[in-house]
Every structure is written in C-alpha cells, then in structure tokens.
Amino acid sequence: MASNNSIKQILIVAFALCIVCSVIVSTAAVALRPLQQANEENDRRSNILEVADMLEPGQSIDEQFEQITPRVVELRTGEYSDELDPETYSPFEAARDPAQSRTLSGEDDIAGLSRQEEYSVVYLVGDEDEPEQIIIPVRGQGLWGLMRGFLALEGDGNTIVGITFYSHSETPGLGGEVDNPRWKAKWEGKKVYDDLGEDGMPDIELVKGGASSETEIDALSGATLTSNGVTDLVQFWLGENGFGPYLDRFRESSEGA
C-alpha cells in the first residue's frame, strides 16, 4: 500500500487545494465586482460633491448628485459631444487607448501625462445652460506618482470654489498635505486668470513665501516638487491643451446670453 505521505500524494493534495482556492477567489471577484463598481462610483460622486462644497454626510449620494449634470466635452474644440455617455465614459481609461487619445510633446506635457484623451467630462451644478459651478477632472505628476482630483469653478469660469485630490502617493506630512482641508481652503475665491482679455493663459500658481495676489496659492511647506506638480497640472488642464477652449466658449456664451 502506498504511503499517504508520499511526495505524489502531497503534490496531488496541494494541486487540488490550489484549484479549489482559485475557484473560490475567482467566484468571489466576479460576485463582488458590481459592489466594487458601485463603491467606486459613490466615491467619485462624493469627491465631486465635496469639491463643490455640496456634500452632506448621512444623506443619499444619489439624491445629492441629482443637482449635477455630467457632459462630455471635446477638448480640442471645447464643444459638448453626445457621442459618448458621460455616465460610463472614463477619460482616464481613454488616455491609455491610442485610438482615443494623443501623444503629448515635451513642450505641451507640463503635467507629465505622456498621453491625453480627446474627450473628457465636466460636471455642471444647477441649470445646465447657466450653471452655478463647473467641475473639471485634473491630474498630473507629483513627486512620487500621479495625482488625480477635481477642481470646481464658479459660473464665471474663473473663480475657484475648491480643489480636491482623491488619489496620490505623496509623502505624508509634506506633499501629502494636498489632502489637508486647511490648505485646500486657501483655494476658495482665487482666480484662474489675472486678465481674461490678455492671452487666456492660466495665471494660477503655487508660490513660496506667501501668496500675495488673487492668482497665487501658498506652496506646500517642504514639498517643492509636489507644489510644482500641482501648479503644472492646474495650468495644463485650464490651458489651451486642456479645458481652456471649453471655458473660453462657456464664458463667451454666458456673456452673450
């Protein structure tokens, strides 16, 4: 009689356990995926509500989000597009697809993205034609990796309501202070453009030694590279290669209304 402790028996048992565990893990992953997607969607919506200063803890995220209308925007022209569903379209995933994105040159790629999607999504608070706020997704390289967040502007397309970063790998206590509510509060009321009639390029930036104008934000103490990264990503997404054409068209239509 063969021993139950033979190498063959041990290998058979180990292989069987691996198969069983793999089936269990795969089944759990498939079964939990809808829940994970729902949690991801709630987290995205929570961050959008938070940057707009509209998040009410304890209340339904879905009900609060009814005040917000997502629209797909073609970045090159700044025009709305109905070709894509804003509820399911992911600009971040599109940027990874060569068929839905473009390569950025070194001169244009100040945010360190390498590739940029052709379409993105804006979130309009209140009346879609005359929104109280415009919320745009922003991202760019920090010291240790990609920072992703949202920036909210008032209906004038120039005054900042708030900024939030929901994903980053910056150093806690230094660059990680992009999450600090006290620092984020310094963005409220600041201006993206110093003179809209001059060249349309964004003037907003982080500065050392204390902000002294409407377009300056205090830099993060001890985190020069992260601060530079925040300046670069904000200027990129509010400039001609980002949402600049959209904001130009938005302001023109608002003035003509």
Handout entry: Taking I24, I61 and counting other C-beta atoms within 10 Å, the order from fewest to most
Key = I24, I61
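Which ordering of M201, M147 is given by a fewest-first count of other beta-carbon atoms within 10 Å? Could the numbers behind the result be given before it?
Values: M201 14, M147 25.
Lowest count first: M201, M147.
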Exercise for the section: Mind listing the long-range amide H neighbours of V138? Cut-off is under 5 Å, sequence gap 5 or more, other chains count too, H placed in the peptide plane at 1.01 Å from N. Expected result: G149, F150, L151
Practice task
Kindly write out, for the range 181-193 in residue order, the coupling ³J(HN,Hα) from the Karplus curve 6.51 cos²θ - 1.76 cosθ + 1.60 (θ = phi - 60°), rounded to whole Hz, with x marking Gly and Pro.
Solution key: x, 5, 6, 5, 5, 5, 7, 4, x, 6, 10, 6, 10
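If you take the beta carbon distance between D85 and D129 as r and set R0 to 22 Å, what does 1/(1 + (r/R0)^6) give as a FRET efficiency, to the nearest 0.05?
0.60
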Fill in the blank from the handout: Largest fluctuation, L11, L146, L124 only, Gaussian network model of the chain with Cα springs under 10 angstrom, belongs to L11
Fill in the blank from the handout: Distance in nm between D179 and S221 label points, each 7 Å along Cα→Cβ, equals 1.9
Practice task
Could you check the simple spin-label distance between E74 and S212, using points 7 Å along Cα→Cβ, in nm with one decimal?
Solution key: 4.5
Practice task
May I ask you to evaluate 6.51 cos²θ - 1.76 cosθ + 1.60, the Karplus curve with θ = phi - 60°, for each residue of the range 205-217 and list the ³J(HN,Hα) values in order in whole Hz, giving x for glycine and proline?
Solution key: 7, 8, 10, 7, x, x, 5, 10, 8, 5, 9, 10, 10
Completion exercise
Interchain or sequence-distant (5+) residues whose placed amide H lies within less than 5 Å of the amide H of V121 are V73
Completion exercise
Taking placed amide H atoms and a strict 5 Å upper bound, the residues 5 or more places from S167 or on another chain that come that close are R148
Handout entry: In nm, spacing of pseudo-spin labels at F15 and E154 (7 Å Cα→C-beta vector)
Key = 7.1
Practice task
Name the most mobile residue of S101, S22, S169, meaning the one with the largest mean-square fluctuation, in a Gaussian network model of the chain with Cα contacts below 10 Å.
Solution key: S22
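Here, each number is a calculation from the coordinates, and none is a lab measurement. Values in this document were obtained by computation on a predicted structure and should not be read as measured data. When we count neighbours, we look across all protein chains shown, and the Cβ atoms used for this are built from the backbone with ideal geometry, even at glycine.
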